Every structure is written in structure tokens, then in C-alpha cells.
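Bear in mind that the values in this text are calculations on the coordinates, not laboratory data. Keep in mind that this is a model prediction, so the values were computed, not measured. Here the Cβ positions follow ideal geometry from the backbone for every residue, glycine too, while neighbour counts run over all protein chains shown.
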């Protein structure tokens, strides 16, 4: 049972949006990406605001804060994309007269400088790894390790695709399919949390 929509906070609305709109219409890995952005980056900053009082200035300040915290510009753009989609649904549900995200400048920002090893430093890496007790690996294995860790940590697959320079997100997801079972379990666990919270509020 829904409460008074005039008193619904941004956080409450986003949880309802994830449960009723996103979960039935996207893949589990996509749900994980949306849920991570909502719970890790959006709700802690603007989640307690009344939905009806949310304005473009709140969103612009959120994006600026996330960039200052060191998030990659691409990640902040996906936060914007998630909010734009969610608030568009709020408009269609009659909760907002217009989408505040329409009036916000899409985050751009400069990508962080790449740190490149010299040939001499690169040549020393295998020896350092062996000294540390790590298995013998190729440089290409480091790339796979970084991508796998990012996906496992909940980073959006599109960000990983752009980081790796893959031509399509399909290539990224096919290459790192070994990470997907874990993502699906995370998505299932988060859906259980959403449904449990919803049942608790309905009582």
C-alpha cells in the first residue's frame, strides 16, 4: 500500500521506482548498476529531500559533489542518466509536473591523467609480483583483473567498456561473463531487500 505521495522523499520514491519500474524491465546486471548508483551515490546526498521539492539546483550540486569526491565523469553521467529516467517516471506517475533533470547541465569533466610506467618500470613488474608471492601473469592479465574487480564492485558495465576501449558493451559483457553470476546474485539480494522493505511499510 502506498503512503501519501505528497510526503514521499526522493529516497522512498527511488526504491519504489527500482522495485516497480526497473526490476521488471531490465537485466539483473543493469538492475545492479541502477541500484548501486541510487544507494551509494544518490540517496546519501538527496534521499531525504521531499520528492516534490527536488529541483535542478539539487541535482547540479550532487554532480559537482561526486566529481569533487573523485568519481569518474563517466560514472557521474550514469548517475545523471539514472536520475533522468527515474524522474521521468515520476512525471508519468503524476508525482512531478516536470523532470528536474531536463534543466541540468549533463556532467562533462575531464578524465583523470593516465599514469604510464616507463619501459624499465614495466620490465620490473613480473619480478615484483613474484617477490610478493603472486602467480606469474602477463600485462594483459592486469587489464582483465582491473575490469573484473570493477564489475564485481558494482561499477556500471558501460564505464568498464569505455575504460577498456571496447567497441561495444556486448563485447565487454561477453568477455567478463564469469563475473555475471555474482552480479545476478547481488541483484537478487537487492530485490529481496526492496520487497522486504516494501512489505514492512505496507503493514
Practice item. For the range 58-76 and the range 116-137, compute the distance between their C-alpha centroids and round to whole Å. Key: 34
Exercise for review: Could you order peptides 29-38, 52-61, 72-81, 125-134 by the average number of other Cβ atoms within 10 Å of their residues, highest first?
Suggested key: 29-38, 72-81, 52-61, 125-134
Revision key, fill the gap. Plugging the Cβ-Cβ distance of residue 91 and residue 55 into 1/(1 + (r/R0)^6) at R0 = 22 Å yields, to the nearest 0.05, a FRET efficiency of 0.95
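Would you please classify the overall shape of the range 5-202 from the alpha carbon gyration tensor, given that a ≥ b ≥ c denote the square roots of the eigenvalues, rounded means a/c under 1.5, and beyond that prolate means a/b larger than b/c while oblate covers the rest?
Prolate shape, in that a/c is at least 1.5 and a/b is the bigger ratio.
So how do 10, 26 line up by other beta-carbon neighbours within 10 Å, fewest first?
26, 10
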**Study point:** Neighbour-count order for 93, 17, fewest beta carbons within 10 angstrom listed first
**Key:** 93, 17
Study note, to complete from the structure: Relative contact order as a percentage, the range 7-91, C-alpha pairs under 8 Å and 6+ apart, gives 39
Study note, to complete from the structure: To the nearest 0.05, the calculated FRET efficiency linking residue 175 and residue 68 through their beta-carbon distance, R0 being 25 Å, is 0.15
Review point. Cα centroids of the range 82-101 and the range 8-30: how far apart, whole angstrom?
Key: 13
**Study point:** Relative contact order of the range 5-202, defined on C-alpha pairs under 8 angstrom at six or more residues apart (%)
**Key:** 26
